[in-house]
Amino acid sequence: MPGQDKAPVRSLVEELKDVTTPEQFTQKLKDLKEVNNLTFETIDRRGGIRSSTASTVLGRRTLPAEQFVRDYVRACGVNDDDVEAWAQARERLYQQSRAPVPSPPPPSSQEPPQLGDPAAATAPEPSAQEPQQPAATATARRSLPARFGTRRAIVISLAVGVTVAAAATTAVVLVRDGQCGTGDSALMSVDVRQGGAGQGGGRECVGVTDAIGTSTVFGPEAAKVLELIGQENERAMTGPYVTIAFLAPMGSGQGSLTGNRSVHQLEGLLTAQRAANDSQTRPNIRLVLANMGSDETQWRHAVDHLKTMTEGPDHLVAVVGTGLSQQESIQAARALSAADISMVSDVITADGFDATGTIDGGKPIRGLLRVAPSTTSQLTAIRDYLFKNGYLSDTKRKPLSGKAVLVWTDETPQGSSDLYTSSLKEAFLKQFADLLGDKDHRRQFYFDTRGNPVLQDVCGQEMVLYAGRQTFLPKFLHELQNRACPDKLITVITGSDGAAQPRDTPELTDPKVPTALVYVPLADPGYLRSSRNTNNNAFVYAEFERRFGERFKIKDLDSGWAVMSHDALLTAIAAVKDAYNRKLTSGGPDTLPNNHDVGNALSSFKTGEKRIPGASGFITFDITTGSRVAPGSEVVRIAPPGR
């Protein structure tokens, strides 16, 4: 009635003392809206919280971000003092989720649970006499072969060889202690400890997030781009949307092979997501991030959650990324394939890690496409380049037989199969067989990395074929500087991972001990923006670089990973748009495509009729393998001046 006093706002703060779980807290936020006769639309007008965002956040059984709580409660009409009370209640639950857990027991002689064993992921039920405590499970994920001890071995193909640097590795114990302070069951906080309890190693957060209010969960380096992804996801959810997940190792924890390149991937993904949502063509794209752990050992936690997201409000339709070329990535890809979730990998290059699944003799990986050049195509380009420039022949143009040594390692720091390095080794044996001569490459020679007993023997060679990760390359190059023939130029040839080696590395710029590094990058900005770009799409790259530079450093493009992740997501988005248009023209009741629709669209790309204008060049796929067809590439050679 006109002139009647408004009903006083009920803040419900007196009920917060009884709230002990994130689910109860979220329910109280819902109750606050109901008891004050409000709608999400009213809250939107009052506080600037989009109704779709509020509905999504309150539909979860997780602890909302602090800023969301403050904005939401204030928009419900609660005064400042009671807003602070709500924030304090939220902080109490947040700190409760971060409560310390007991140190893991010392290792026993009992066989540790295997990855994927339910016992490795579930804490025992407390007895009736025991107080209820937050679940915490100490799990030994994998014991390493005894021969590794505290050092990694590197294999070389000579009876007398080269000392190679390797990563120190110890038994790893993982401790689960809540949900990274978020209360979100899709996330799991993992403590990585070396050599038993109490000896550090670091902590990281694994699992799935849409980055709304959780920008710090994957470390401070990624916080900026996660905040931007969260904001873009909020924008995407204002209209019809589908979800695409990025599955990868994120962070720089123990055993990481990515370093800060994982941040570059996220930057490339956001650039593609924003461009798609700016186009105002339906549906919008929501991007969730699925961290497998920096060493990928937590892939199952991430994948199991992704498999639950194809239905309901998440509407997951595809996965991009899928990790590195290592065994955990194969397992994750096969699990997603079995769930009928299609994938577009970004930086996987190992031969046979494709739809055929031949890399490990396992089943085909249906629904997998790849946008990165294979190791074989990389080495083909390198061999052509070296012959063209006279590096592989003498003055009479005869091949330099027996003038190369093959250095390789076939395992990751945690002891699983490294498919990138093993694939690179096999490609070297095929592509450079004449250079390797008649040496017996079937034998494996392990050398202690503490010394360099026969390093001088490299002086009888012209080249080192390095089938290893860039993570170990700096130490290897440093050791190579101690050779007995300092004046002789030694050329190190490797795969695309070598692009992470800084071009101003002292060992590659020293004219007194000349060492050269040759590789094919996944995507080289200098080449892509130049007239040498044989893909005839320099204008596409220029637009990508312009958008990227609006928010991130152009130097972050040097690794090539931002470009490849952008192109993987771009491919998945193209499939979403195709599937949406097909459903729209069919006149069905539900025009949003699902994972089956998008999978069919991605499969149709393998006919060769679809050309996707990627930043790295126009993209087409092989009909059998799903690998990218003939990507344009340019060989990079780094050497001291005049050499």
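Readers should treat all values here as calculations from the given coordinates under stated rules, not as data from a laboratory. These figures come from a predicted structure and were not determined experimentally. A quick note on method: Cβ atoms are made from the backbone with ideal geometry, for glycine too, and the neighbour counts reach across all protein chains shown.
Table for the structure above
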read-out	value
Sparse-neighbour loop sites [GluC sites (Glu not before Pro); segment 498-570; at most 10 other C-beta within 10 Å; DSSP]	E550
Over 18 Å between alpha carbons, listed pairs K403/K430; K425/K475; K430/K606; K553/K577; K388/K488	K425/K475; K430/K606; K553/K577; K388/K488
Phi-based couplings in Hz for segment 80-88 (Karplus 6.51, -1.76, 1.60; Gly and Pro marked x)	4, 4, 6, 4, 5, 5, 5, 5, 5
Förster radius 22 Å - calculated FRET efficiency between D360 and K307, Cβ distance, rounded to 0.05	0.50
Two-site label geometry, A7 and A630: point separation in nm, points 7 Å out along Cα→Cβ	7.2 nm
5 angstrom amide H check on L187, placed H, neighbours 5+ away	V208
Hz values of 3J(HN,Hα) by residue in segment 343-352 - Karplus curve (6.51, -1.76, 1.60), Gly and Pro given as x	9, 10, 7, 9, 10, 6, 10, 4, 4, x
Percent RCO, i.e. relative contact order, over segment 565-637, from Cα pairs under 8 Å lying at least 6 residues apart	24 percent
Gain on full stretching of the segment that runs from T42 to R503 - 0.36 nm per residue minus C-alpha separation	160.3 nm
Three-way shape label, segment 498-548, alpha-carbon gyration tensor, a/c 1.5	prolate
In sequence order, calculated HN-Hα J values of segment 488-502 (Karplus, 6.51, -1.76, 1.60; Hz; x Gly/Pro)	7, 6, 10, 9, 9, 10, 8, x, 4, 4, x, 4, 6, 6, x
Prolate/oblate/rounded label for segment 221-318 (Cα gyration tensor, a/c 1.5)	oblate
Extension reserve of the K224-S531 stretch, reckoned as 0.36 nm per residue once the Cα distance is removed	107.2 nm
Pairwise label distance in nanometres, L489 with A433, each label 7 Å out on the Cα-Cβ vector	2.9 nm
Inter-label distance for D31 and D384, nm, one decimal - labels placed 7 Å from Cα along Cα-to-Cβ	7.0 nm
For A318, residues with placed amide H under 5 Å, excluding near neighbours	A245
Contour minus Cα-Cα distance for R50 and E609 (0.36 nm per residue)	197.2 nm
